[in-house]
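Here the structure is laid out as structure tokens; the discussion comes afterwards.
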Amino acid sequence: MDYDILPGVFDILPENKKEGWRSSALWQKLEELIRTTCQAFGYEEIRTPIFERSELFLRSSGETTDIVSKELYRFVDKGERDVALRPEGTAPALRLFKDQDQEWQKHHRKLFYMGPMFRYDRPQAGRYRQFHQFGVEVLGASDPEVDVEVIDLLFTLFSRIGLKGLKLELNSLGTLASRENYLKGLVEYYTPFLKRLSLDSVRRLETNPLRILDSKDPHDKEINKGAPSILEYLDEPSKAHFEKVKEWLTKLNIPFVINPNLVRGLDYYNQTVFEVVTDQLGSQNSVGGGGRFDSLLKMLGGPDLPGFGFAAGLERVIQTILKQEIFFLPPKGPELVVIPLGEKSLETGYQLVRTLRQANIASVIDFSKKKLSKRLQEAHDIGAERVIILGDEECEKGEAKIKIMESGKELLLPLSEIPSYLSLETKLPSLSQESKRLSELSKTKSLQETSSDLANLSKKFDTIHQNLKNLSVQSMDTNA
Ligand code: HAM
């Protein structure tokens with residue numbers, strides 16, 4: 001029996017030195033930034049099941065798309081239902097909307113989601129069979145300004161992360177009517193090339209000619225260079241919508257390039273479509289993409305309301321973060337280890353740890369009966385800043401020893417004072433931590449950025465210094 005992990009999927013570890021993008025600290029930090037950015041834009045989180053009725057995806061993505069025809073994880077469950085693991089989040093979000101009552105649907109909804117998606121694709125760097133998307137969907141608004149606000153959200157997130165050099169590609173697929181005309185134009189253009197087109201594209205000429213523009217085949221790509229542009233086929237309302245989107249992006253200083261061959265891999269789009277690409281991930285260069293889907297909700301049996309959204313691939317975002325050597329501060333692990341030395345102190349130590357955890361001071365207790373030097377070494381290895389050593393004798397007296405790992409300094413404190421002493425200490429960012437951060441920064445950032453960080457840090461140090469001074473004055477007062 002082979003228990004190895006399946007192809008195209010991966011584990012995320014607490015820390016992964018070989019493949020840094022699979023370290024959970026980075027994922028947590030990114031997820032936190034996504035949540036705060038979405039909240040800042042007034043989006044609310046939804047969570048949908050990871051499997052749905054297959055029909056939902058067949059109907060929405062389009063039966064001829066790769067996502068449905070080749071990549072769907074589809075099975076029949078024990079109740080004879082045709083079920084699929086979700087390959088994307090838009091159709092489930094719209095299904096969720098459709099399932100709510102009229103009162104809920106009445107409001108213009110701004111939704112976001114994060115979670116695993118599944119596509120049975122050929123595994124390669126940047127392309128997985130289980131991957132993670134963060135996506136947003138706005139339902140009930142057709143204004144071009146909404147398209148821009150959604151794109152702005154994605155770029156605000158990228159700038160909060162510190163990502164640079166991402167290219168926004170933009171196109172318009174127009175209304176259904178203008179697209180019908182365009183499809184006729186495409187068939188006319190490609191028919192003389194039937195013998196030179198790839199087999200897939202010959203098939204697409206019958207099923208969905210738009211998709212040929214998306215082909216990765218080198219011969220198809222050559223032929224595509226002369227294909228008519230969809231922009232020439234846009235009707236007046238579509239042109240006006242697209243002009244407004246471009247005008248607003250320009251006003252907001254979000255640079256873009258028009259790519260008339262950008263059609264996206266799903267059938268539900270109309271009007272604005274976009275993709276964000278990076279030149280740092282090889283062939284899997286799209287970190288996110290989306291567009292407008294004004295007839296999808298109605299098609300799925302919901303009210304006739306327009307929508308706009310996007311999804312970004314978290315693996316690709318994290319891989320780009322690492323490629324650009326952005327300093328992404330991982331959340332801190334337990335900063336404190338309690339080491340009880342005897343039977344009595346074990347109980348007291350556990351009570352102490354419970355109190356500390358209630359005060360949100362991350363702490364672990366060492367239950368092992370190993371030698372003290374070994375236990376101190378282990379505490380050092382997990383990065384603990386302090387250890388509390390509890391001997392039975394000291395416990396009897398109601399005291400414990402706190403050892404500061406970096407300086408080796410020790411302090412004997414009454415047990416009852418420890419929680420307040422530690423919460424004071426942990427509230428003030430420790431100087432040693434800040435200086436570690438600084439040395440990391442200078443490794444990964446340009447000098448110019450580091451010097452501005454330095455200025456910010458020195459301001460922070462001044463405040464800490466002042467706080468410490470105030471504290472010592474206060475404690476002198478209480479002593480007096
Ligand atoms: P999509 O372009 O199929 O759009 O996927 C969005 C992003 O998911 C891609 O740009 C990529 O970063 C990531 N992605 C896709 N497939 C994989 C894979 N196999 N491995 C790793 N990452 C992948 C959608 O899914 C639409 N639902 C977006 C949308 C939302 N449109 C409107 N609203």
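A few notes on this one:
- Any hit, the stretch 149-169, residues being within 34 Å of the chain's Cα centre (by Cα), more than 15 Å from the ligand (Cβ to nearest atom), among the charged types (D, E, K, R) and under 25 Å from LEU111 (Cβ atoms): yes
- Of all residues making up the stretch 213-246, the number that are surrounded by 14 or more Cβ atoms within 10 Å (Cβ to Cβ), in contact with a Lys or Arg (Cβ under 7 Å, 6 or more places away or on another chain) and outside any loop (DSSP other than H, G, I, E, B): 1
- Hey, ARG35 closer than 28 Å to THR278 by Cα, assigned by TED's automatic domain parsing to the domain that holds HIS241 and more than 16 Å from the ligand (Cβ to nearest atom) or not: yes
- Whichever residue in the stretch 108-134 is modelled with pLDDT under 95 and in contact with a Leu (Cβ under 9 Å, 6 or more places away or on another chain) and, among such residues, is nearest to ARG35 (Cα to Cα): HIS108
- Residue match in the stretch 269-289 (condition: of a type in the set (S, T, N, Q), part of a loop (DSSP other than H, G, I, E, B) and within 18 Å of PRO87 (Cα to Cα)): yes
- Residue pairs whose Cβ atoms lie under 9 Å apart, sitting 6 or more positions apart in sequence or on different chains, and linking a residue in the stretch 57-72 that is assigned by TED's automatic domain parsing to the domain that holds PRO87 and in contact (Cβ under 8 Å) with a residue 24 or more places away in the chain to a partner that is of a type in the set (Lys, Arg) and part of a loop (DSSP other than H, G, I, E, B), are PHE57/ARG86; ASP66/ARG119; ILE67/ARG119; LYS70/ARG119; GLU71/ARG119; GLU71/ARG129; LEU72/ARG119.
- Check on PRO218, more than 16 Å from the ligand (Cβ to nearest atom) and farther than 30 Å from ASP11 by Cα: yes
- Failed condition for ILE318, given (1) more than 12 Å from the ligand (Cβ to nearest atom); (2) touching a Lys or Arg at 6+ places or on another chain (Cβ under 9 Å); (3) within 30 Å of GLU19 (Cβ to Cβ); (4) not small (Gly, Ala, Ser): (1)
- THR37 assigned to a helix (DSSP H, G or I), surrounded by 15 or more Cβ atoms within 10 Å (Cβ to Cβ) and of a type in the set (Ser, Thr, Tyr): yes
- Any hit, the stretch 72-80, residues being at pLDDT 95 or above and touching a Lys or Arg at 6+ places or on another chain (Cβ under 9 Å): yes
- Residue among GLY289, GLY309 that alone is free of Cβ contacts under 8 Å to residues at least 60 places away in the same chain, buried (at least 20 other Cβ atoms within 10 Å of the Cβ) and over 30 Å from LEU376 (Cα atoms): GLY289
- Yes/no for LEU249 being buried (at least 16 other Cβ atoms within 10 Å of the Cβ), within 14 Å of ASN171 (Cα to Cα), aliphatic (A, V, I, L, M) and within 16 Å of the ligand (Cβ to nearest atom): no
- The stretch 107-125, residues that are surrounded by fewer than 18 Cβ atoms within 10 Å (Cβ to Cβ) and near the ligand (Cβ under 8 Å from one of its atoms): ASP121
- Exactly one residue among THR278, THR272 is in contact with a strand residue (DSSP E or B) (Cβ under 7 Å, 6 or more places away or on another chain), within 16 Å of the ligand (Cβ to nearest atom) and closer than 17 Å to SER172 by Cα, and that residue is THR272.
Conditions tested, residue by residue: (1) buried (at least 19 other Cβ atoms within 10 Å of the Cβ); (2) small (Gly, Ala, Ser); (3) near the ligand (Cβ under 9 Å from one of its atoms).
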{"position": "ASP77", "(1), (2), (3)": "no, no, no"}
{"position": "GLU80", "(1), (2), (3)": "no, no, no"}
{"position": "ARG95", "(1), (2), (3)": "yes, no, no"}
{"position": "GLN105", "(1), (2), (3)": "no, no, no"}
{"position": "ARG127", "(1), (2), (3)": "no, no, yes"}
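- Wholly within the stretch 75-146, strands (runs of 3 or more DSSP E) carrying at least 2 residues that are touching a residue at least 40 places away in the same chain (Cβ under 8 Å): 109-118, 130-139
The values are calculated or read from the model by the stated rules, or taken from the named source; none is laboratory data. Predicted model only: the values in this text are computed from it and were never measured. We place every Cβ from the backbone using ideal geometry, glycine too, and count neighbours over all the protein chains shown.
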